[in-house]
Amino acid sequence: MSENNSEKSCSAFLKGLASWFGFERNSNYVRNYFADVNVHTSVYMSFIILGLEIYVMYYKLSKAFDAGLVLKGFTLYREGEKYKTLFKVLKDNLLLSAVALVMLLFAAYYRKNAHSGDQKLRRKLTVFSFLLDIVFSYICLYFGFVTSRSDYEKGNQILTFVTMILFVACLLIWSPYASTVILAVIFWCFLRFGVDYFALTSVNGSNGDRINYATFFISLLMVSFSIYHQRKAEAIKDESLESANRILKKMTVTDDLTGISNMSNFVYEAKQELADPETDPKSLVFLFVDISNFGNFNDKYGYEEGNKLLRRTAEILTEAFPSSLVARQSDDHFVVLTETANVKQLDVVKERIREGYTDIRLGLKAGGYYPADRETDPNIACDRARYASTTIKKQFDDDYAVYDETMADSFARRQYIINNLDTAIENGYIRPYYQPVVWAENHKLCGFEALARWIDPDHGFMSPGDFIPILEEYRQIYKLDLAIMRSALADIKRSMDMGFPGIPVSLNFSRVDFERAGLVGELESAIRDAGIPRELIHVEVTESTLSQYQSRMHETLTELHDKGYAIWLDDFGSGYSALNVLKDFAFDVMKIDMIFLKGFESNPKCRVVLKNVVDLAGAVSMRTLTEGVETKEQAEYLRSIGCERLQGYLFGKPMPFEEATQKISDGTLVVSEELMIPGTDAK
Ligand code: C2E
Ligand code: CA
Ligand code: CA
């Protein structure tokens, strides 16, 4: 164990040492960072060198002219005799200037091309920049050495050489081992030959100067090492920040499920596209694409398969509309901004979505909106395209509809509903009306159904038909249902406080309520807050809400039922799969749809059908209620065949709370002594 530990710490030490000397594989990002910084530094260095050299050349020449030398062509003459060529006098300075110029030109080229995204080119540039540094360094050192020698011969210090060493060290920071090797070679040469050459050793024979220079060398190395490590730490920090940024950016622009653009990115890019002076907005169309039958598909194959289908649809759309903007808006809704000529691609999309699925007929319902000008808001454009698609929702063979001005009014109303739902709830514009439910036997009141009404200061009185389908489509209905639930509970409490008996109220819930988690919890806490017993609440779900594959819904209903809420099956008979639903869940009450009463007076078959439905309910142990009872004959017939409860205009239309309590007080509505059926409505 301890051997293992010492092995570990030994290898950690070696690793640390290697890293200290720069023997490590840095990421591309860190390498590029060093190259960038290096090139940046070399620009300053080159400028300094160029400036200095120009000055030195000027200085040399003016000294020569002062001394009486004359320049003819490129040759200097002293007292009429050829002295030296200009090149010979200035060659060191010219060489250094030339290298500095090459460095500058290279830096300009590097800045222009290194970030173009071409990784191969970038690697080449990085290697070239390091090689250039080395060449530049040696030329600087050579120059420093030569200058210092001539200075020394004139009795001056060897400062130029020392400065050049410092200068070079700055350029060699990209890797400690490289700086060590390069600087060591320089110093070794210097200590071995230079010190003797300059006779720098102290007079008394001690190696004082040698030691001083060695110390200078070591300090210089340490400084360059520490700068290297500091730069590396910066680069690593930058790298992680940048990658975090990249991830964040990806998260904010793409749709999690399908990987294509999300809505906010779509809106952003669509705005850019419209604003582009090269784009003709009239050549574009916003498309809204809804997969038809997706709900059934999901029910049958489950969420996983449903998600797969959404991913495939995203892929198909991206392929069918190349170089267009494609995004997922929500659920099975996609949006596209494309050239008008591409609309026909929708047929291709439809065909491809269908591939492989024969039992559920998938299809498309698409809407189009042609932007009026560059200022068109993409959000509104998508909503209009969406609206156009809803106008053909129920048409079997129409796949595509274009938004036009005739749709403007209803579209505006729809937008109003979506945009004002929250405020309407907050301000109490949406509240329940109560429709009486009576016993068929004696027509005495045994409950109410809470039905939503939106009484809007601008739009006036709105019935559920005006807003429920829209709220369902936009999956906002749960907000309304929860609001109605809270108001109804508060009203029950209020009526009991006023001295009325607790009269049961049935509440309508939609599919979305069950798809969201937490319905049971919300109902339970509202019940607790209001302090009323659970049996006063009946949960109504329509047959179309239910589906045999929806296990979440099934679980929620069972949970509610176990807790003591009666579950009523609403609108029985209005859909197609009525009988299937009966075997899937043990409902307490069947609400027979008013469709069965259509033609009651004229068509004798109506009675036969009704009787059979009531018998069927009895056979599966369900109680019965018939809705939409408008005449005494209907009521009497329903009583005679054993339907237990009735609801309809004959006994009262949906009315506000105050009116309902008033009607009870003045005896128009007589509350039954038995409000519930033990075992069905109450446990
Ligand atoms: P529903 O649950 O089947 O409600 C019964 C509807 O039939 C009500 O329409 C009611 O006014 C109407 N009705 C009642 N008796 C008669 C009658 O004798 N003759 C005729 N012709 N009609 C009668 P309403 O209030 O317009 O509600 C329509 C639908 O809107 C409801 O149908 C229900 O599905 C939905 N709804 C209403 N309130 C809510 C709610 O709070 N949440 C949810 N999710 N849906 C609601
Ligand atoms: Ca209902
Ligand atoms: Ca109903």
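The values are calculated or read from the model by the stated rules, or taken from the named source; none is laboratory data. Just so it is clear, the structure is predicted and the values come from calculations on it, not from any experiment. Cβ: placed from backbone, ideal geometry, glycine included. Neighbour counts: every protein chain shown.
Here are the numbers for this structure:
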quantity	calculated
Single residue of region 596-614 satisfying the filter (in contact (Cβ under 8 Å) with a residue 24 or more places away in the chain and either more than 16 Å from ligand 1 (Cβ to nearest atom) or under 54 Å from the mean Cα position of the chain (by Cα) (or both)) that is farthest from THR542 (Cα to Cα)	ARG607
Listing of helices (runs of 4 or more DSSP H) fully contained in region 551-632 that carry 1 or more residues being within 16 Å of ligand 3 (Cβ to nearest atom)	578-584, 605-619
Selection within region 531-545 - of a type in the set (A, V, I, L, M) and either within 11 Å of ligand 3 (Cβ to nearest atom) or touching a residue at least 40 places away in the same chain (Cβ under 8 Å) (or both)	ILE532, LEU536, ILE537, VAL541
Test for LYS282: is it loosely packed, with under 12 Cβ neighbours inside 10 Å, part of a helix (DSSP H, G or I), modelled with pLDDT of 90 or more and touching a Pro at 6+ places or on another chain (Cβ under 9 Å)	yes
Among (1) touching a residue at least 12 places away in the same chain (Cβ under 8 Å); (2) in a loop (DSSP other than H, G, I, E, B) - the single one GLN157 does not satisfy	(1)
Unmet requirement for SER544, which otherwise passes all of (1) more than 10 Å from ligand 1 (Cβ to nearest atom); (2) over 32 Å from the mean Cα position of the chain (by Cα); (3) within 26 Å of LYS394 (Cβ to Cβ)	(1)
Condition met for TYR434 (closer than 30 Å to SER640 by Cα and either touching a residue at least 40 places away in the same chain (Cβ under 8 Å) or within 16 Å of ligand 2 (Cβ to nearest atom) (or both))	yes
Residue within region 490-510 that is within 17 Å of ILE468 (Cβ to Cβ) and either among the aliphatic types (A, V, I, L, M) or surrounded by fewer than 14 Cβ atoms within 10 Å (Cβ to Cβ) (or both) present	yes
Filtered residues of region 555-583 (kept if of a type in the set (Asp, Glu) and either within 11 Å of ligand 1 (Cβ to nearest atom) or crowded, with 16+ Cβ neighbours inside 10 Å (or both))	ASP570, ASP571
Single match in THR545, THR556 (criterion: of a type in the set (S, T, N, Q), farther than 16 Å from THR626 by Cβ and in contact with a strand residue (DSSP E or B) (Cβ under 9 Å, 6 or more places away or on another chain))	THR545
Of all residues in region 199-225 being of a type in the set (Gly, Ala, Ser), surrounded by 13 or more Cβ atoms within 10 Å (Cβ to Cβ) and at pLDDT 70 or above, the one that is farthest from TYR152 (Cα to Cα)	SER224
Selection status of VAL520, under 30 Å from LYS583 (Cα atoms) and in a helix (DSSP H, G or I)	yes
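For (1) touching a strand residue (DSSP E or B) at 6+ places or on another chain (Cβ under 7 Å); (2) closer than 30 Å to GLN329 by Cβ; (3) not in a loop (DSSP other than H, G, I, E, B), each residue gets a yes or a no:
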residue: LEU471; (1), (2), (3): no, yes, yes
residue: TYR478; (1), (2), (3): no, yes, yes
residue: ARG486; (1), (2), (3): no, no, yes
residue: LEU489; (1), (2), (3): no, no, yes
residue: PRO501; (1), (2), (3): yes, no, no
residue: ASN508; (1), (2), (3): yes, yes, yes
